[in-house]
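Trainee: Structure in structure tokens, see below.
The values are calculated or read from the model by the stated rules, or taken from the named source; none is laboratory data. Note that the structure is predicted; figures quoted are calculated from it, not measured. Note: ideal-geometry Cβ built from the backbone for every residue, glycine included; neighbour counts use all protein chains shown. With ligands, DNA and RNA removed, areas are computed over all heavy atoms of the protein, side chains included. Shrake-Rupley method; radii C 1.70, N 1.55, O 1.52, S 1.80 Å.
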Amino acid sequence: MSDLLTNNHEFWMKKALKLAFDASKVNEVPIGCVIVYDNKIIGQGYNQCESLNDSTAHAEILAITSASNTLGDWRLNQCSLYVTKEPCIMCAGAIVNSRIDSVFFGCYDEDLGACGSKFDICGNPSLKTPLTVRGNILGVESLALIRNHFHELRKRQQQI
């Protein structure tokens, strides 16, 4: 893979990391997501499960909704999704259903990941149109943000 392509993935992942940081400031699990089409962000989101009291308000779902609204179409062909943590089963299903072409993520999720860790929904070769999937793009930074969030959360709970 060329350095230019690698740097491009890191550029978009830094945008997703900024959103994850924004999520942490409002006591949400710090996961951020951007969807890119024609070298532009057309959708973005960060986890809002706590603030919306909605278990489906994951960064990927919100970004897919945003991108679909931008394009005026639920089909997100030729789009790439960048998210700071490996998508879960629900999000992987939404990614496949929205026809996103490629998924790039930060840290792996060995417990619930659905892009190769625990399950492999996005990269499943039996899909009519398998996606390109690549993990560990700024994975150290993504994992550090999540670990710090839960460390601070435990610290606050101990003070109560």
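Trainee: Which one of Asn39, Val26, Tyr82 has its Cα pushed farthest toward the positive end of the charge dipole of the chain, where Lys and Arg give +1 and Asp and Glu give -1 at the Cβ?
Mentor: Selected residue: Val26.
Trainee: Would you mind working out the accessible area per residue for the stretch 29-160, using a 1.4 Å probe, and quoting it in Å²?
Mentor: Details: 7070 Å² over 132 residues.
Accessible area per residue: 54 Å².
Trainee: Principal axes first, then extents: for the Cα atoms of the chain, list largest minus smallest coordinate on each axis, whole Å, largest first.
Mentor: Per principal axis, max minus min of the Cα coordinates gives 51, 33, 29 Å.
Trainee: Take each of the peptides 123-129, 10-16, average the number of other beta-carbon atoms within 10 Å over its residues, and list them starting from the highest.
Mentor: Working: 123-129: 9.9, 10-16: 18.9.
Order by mean packing, descending: 10-16, 123-129.
Trainee: Let me ask something else about it. From the cross-link list Lys25/Lys118; Lys14/Lys118; Lys118/Lys155; Lys25/Lys85, which pairs have alpha carbons spaced over 21 Å apart? Walk me through the numbers before you get to the answer.
Mentor: Details: Lys25/Lys118 29 Å; Lys14/Lys118 25 Å; Lys118/Lys155 29 Å; Lys25/Lys85 18 Å.
Correct reply: Lys25/Lys118; Lys14/Lys118; Lys118/Lys155.
Trainee: What length, rounded to one decimal in nm, is gained on full extension from Ala144 through to Glu110, with 0.36 nm per residue of separation minus their alpha-carbon distance? Please list the in-between numbers first.
Mentor: On the way: separation 34, 0.36 × 34 = 12.24 nm, distance 1.55 nm.
Fully extending the segment from Ala144 to Glu110 adds 10.7 nm.
Trainee: Given a Förster distance of 45 Å, report the FRET efficiency between His151 and Thr129 from their Cβ-Cβ distance, rounded to the nearest 0.05.
Mentor: Values: r = 40 Å, r/R0 = 0.89.
Computed FRET efficiency for His151 and Thr129: 0.65.
Trainee: If I stretch the segment between Gln78 and Thr65 completely, what's the gain in nm (0.36 nm per residue apart, minus their alpha carbon distance), one decimal?
Mentor: Result: 3.1 nm gained on full extension.
Trainee: Using a simple spin-label model with points 7 Å from Cα along the Cα→Cβ vector, what separation in nm is obtained for Asp38 and Lys15?
Mentor: 1.4 nm
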